[in-house]
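Worksheet: the structure to be examined is printed underneath.
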Amino acid sequence: MATLQKLGDEALFPLNSSHITIGRGPDNEIVLDDDSVSVYHALVTIRKSRDIEGTREYILEDLDSTNKTYINSKIISSYKLHDGDIIRIGLVRLKFSLKDHAPPKNDFGKTTRLSPYKSYKT
């Protein structure tokens, strides 16, 4: 599943519906609490790829925001995202990734037994 990762605090936003709004307003799917972000700043639309069958395209559109939307330091109005693109919405930077970001795997089935008789040097 594709994601947007907020750079700085590493918040991760899965892109798992066909239309995802980004902005400062509380009713956006991705809420960015920053005064440089417009209430409704940008939109990600996910659709079937026109080029490669069985894949998806992620289109980022600026919603006529005050501070514009940037991809890799260039202002965009509409842009097809690519893995690794850096998005700037206001002053907030996000990284687009097509890679799965599964939470770290914890193997709770394995337990190490510590012997009370073993001494450890410090």
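What follows draws every value from the coordinates through simple rules; no lab data is involved. Everything numeric here is computed off the predicted structure, so don't read it as measured data. Please note: Cβ atoms are built from the backbone with ideal geometry, for glycine as well, and neighbour counts cover all protein chains shown.
In segment 22-49, whose amide N lies under 12 Å from the spot 7 Å out along Cα-to-Cβ of residue 78? List them in ranges. Residues 45 qualify, since their backbone N sits under 12 Å from the label point. Taking amide H as placed 1.01 Å from N in the peptide plane, residue 56 has its amide H under 5 Å from the amide H of 49, each at least 5 places away in sequence or on another chain.
For residue 15, nonlocal amide neighbours, meaning residues 5 or more places apart or on other chains whose placed amide H falls under 5 Å from its own, are 2, 3, 4. Taking 0.36 nm per residue of separation and subtracting the Cα-Cα distance, full extension of the segment from residue 33 to residue 48 would add 2.3 nm.
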